[in-house]
Amino acid sequence: MAFPDGIADFRSDTVTRPTAAMLKAMAEAPLGDDVYHDDPTVNALEEESAAVTGKEAAIYTPTGTMGNQLCVMLHTNPGEEILANEGSHVRSIEAGAPQALSGVGFRTVRGEGGRIEPEDVEEAMAMAGFRIGVDEGAATGIFPSIRLMVWENTHNMSGGRVIPIDLMEKTNRVARSHSLAVHIDGARIFNAVAATGVPAERYSAVGDTIQFCFSKGLGAPVGSIVCGPQDMIDEIRFLRKRLGGGMRQAGVIAAAARVALADRDRLIEDHILARSLGDGIAERFPGSVDPVSVETNMVRVDFSSMGMEWEEVNQRLDSAGIKANPPLGAFAWRLVTHRDVDAADAARLLDALS
């Protein structure tokens, strides 16, 4: 349902407000100092997150971007490259953080829906290993080394598409044969779980580390988490302090994240609403939405098929009490469903467009 002020916000699943259960948990949470690792609520959240992803340990972070950057720092050295899909969040929507903070570049591949194919890895690594002769019996490298491969599942820039687990596993075998570390930006990994039925542990097993967000579809007000082996999480705890991510009585917000994680199965409701919304837009504006591409809680609209300028659409939505981000570039318009919009709000949006 819309917010108390009547606004229905389809900009992102990050706009959700804490539920009554979350607020109660926040008010009653036992607290400690998390920098000393003695906040019982944070510790419980980390244990629960590690268990659900099948990892040994976990560490709570303020944001998903920080979680991803901590893993980049862990797995790479300055001057090296990250192998990633060209539309990956860690490359495109984190303000150049890998370059600025870790001194690394990107070796990108093109692939529908965030995919990285086994042959993409082979081609990239062939270039990374290229050497030229200098003197007799000697050689020198001219391309940066690739140290890390990053997956993003679900894939934001393609409209919440799910990367098939069998592809991830197949590509990973090639990456491991080249001794690459693997990180999963699983900001919305539980949307992938809800869409496919593949358990989170199987997705997580693909990566050395995995980051996921509590403040997106899960609906908590703040926070993300990194899960991985104990030794890696110990090092990330040190790096988190370096980035200023050491939080004190963080159980106040971790309590809401625990409620959100326990309620993760409700994400399927967002998917059902997104499909209905996508069908409605496709019916009214032929060619604007491919209903098959609506796999999770995002509807990606070809705005050029709408027959209107953004100023007109935005004015219609504003008059109807609806918020939506403008199209990204000339064509792609993203609408996102979440726990704070429902079928009535989607119908209001369709009426405004019509």
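The values are calculated or read from the model by the stated rules, or taken from the named source; none is laboratory data. Keep in mind that this is a model prediction, so the values were computed, not measured. Glycine also receives a Cβ, built like all others from the backbone with ideal geometry; neighbour counts cover every protein chain displayed.
All told, Ala262 meets the bar of being aliphatic (A, V, I, L, M) and within 21 Å of the chain's Cα centre (by Cα). Answer yes or no: is there a residue in the range 227-248 that is acidic (Asp, Glu) and either touching a strand residue (DSSP E or B) at 6+ places or on another chain (Cβ under 6 Å) or within 14 Å of Thr63 (Cβ to Cβ) (or both). No, every residue in the range 227-248 fails to be acidic (Asp, Glu) and either touching a strand residue (DSSP E or B) at 6+ places or on another chain (Cβ under 6 Å) or within 14 Å of Thr63 (Cβ to Cβ) (or both).
The rows are residues; the columns are (1) outside the structural domain of Met149 (by TED's automatic domain parsing); (2) of a type in the set (D, E, K, R); (3) under 27 Å from His271 (Cα atoms).
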residue: Met26; (1), (2), (3): no, no, no
residue: Asp33; (1), (2), (3): no, yes, no
residue: Thr53; (1), (2), (3): no, no, yes
residue: Ala58; (1), (2), (3): no, no, no
residue: Gly64; (1), (2), (3): no, no, yes
residue: Ser88; (1), (2), (3): no, no, yes
residue: Ser92; (1), (2), (3): no, no, yes
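Mind checking whether some residue in the range 189-207 is buried (at least 24 other Cβ atoms within 10 Å of the Cβ), in a strand (DSSP E or B), assigned by TED's automatic domain parsing to the domain that holds Glu122 and touching a strand residue (DSSP E or B) at 6+ places or on another chain (Cβ under 9 Å)? The answer is no, given that none of the residues of the range 189-207 is buried (at least 24 other Cβ atoms within 10 Å of the Cβ), in a strand (DSSP E or B), assigned by TED's automatic domain parsing to the domain that holds Glu122 and touching a strand residue (DSSP E or B) at 6+ places or on another chain (Cβ under 9 Å). Every listed requirement among (1) in contact with a helix residue (DSSP H, G or I) (Cβ under 9 Å, 6 or more places away or on another chain); (2) assigned to a loop (DSSP other than H, G, I, E, B); (3) under 29 Å from Cys213 (Cα atoms); (4) not charged (D, E, K, R) is met by Ala346 save one, (2).
Within the range 221-259, the set of residues being in contact (Cβ under 8 Å) with a residue 40 or more places away in the chain, small (Gly, Ala, Ser) and more than 18 Å from Pro40 (Cβ to Cβ) comprises Ser224, Gly228, Gly245. Residues that are among the small types (Gly, Ala, Ser), in a loop (DSSP other than H, G, I, E, B) and free of Cβ contacts under 8 Å to residues at least 40 places away in the same chain within the range 81-109 comprise Ala95, Gly96, Gly103, listed in sequence order. Inclusion of Phe143 among residues that are outside any strand (DSSP E or B), assigned by TED's automatic domain parsing to the domain that holds Ala58, surrounded by fewer than 16 Cβ atoms within 10 Å (Cβ to Cβ) and not basic (Lys, Arg) is warranted.
Among the residues of the range 8-51, those that are under 25 Å from the mean Cα position of the chain (by Cα), part of a loop (DSSP other than H, G, I, E, B) and crowded, with 16+ Cβ neighbours inside 10 Å comprise Phe10, Ser12, Thr16, Pro18, Thr19. For beta carbons closer than 9 Å, sequence separation of 6+ or different chains, a first residue in the range 315-342 that is of a type in the set (Asp, Glu) and a second that is surrounded by fewer than 18 Cβ atoms within 10 Å (Cβ to Cβ) and part of a loop (DSSP other than H, G, I, E, B), the qualifying pairs are Asp340/Met1; Asp340/Ala2; Asp340/Phe3; Asp340/Arg17; Asp342/Met1; Asp342/Ala2. The set of residues from the range 126-161 being over 30 Å from Val299 (Cα atoms) and modelled with pLDDT of 95 or more comprises Ile146, Arg147, Leu148. Here Leu267, Leu335, Leu317 are screened, and the one residue that is farther than 30 Å from Ala58 by Cβ, within 19 Å of the chain's Cα centre (by Cα) and outside any loop (DSSP other than H, G, I, E, B) is Leu335. Each residue in the range 310-352 was checked for being of a type in the set (Ser, Thr, Tyr) and surrounded by fewer than 17 Cβ atoms within 10 Å (Cβ to Cβ), and 1 of them qualify. In the range 57-86, the residue that is surrounded by the fewest Cβ atoms within 10 Å (Cβ to Cβ) out of those that are over 14 Å from Glu235 (Cβ atoms) and out of contact with any strand residue (DSSP E or B) (no Cβ under 7 Å at 6 or more places or on another chain) is Pro78.
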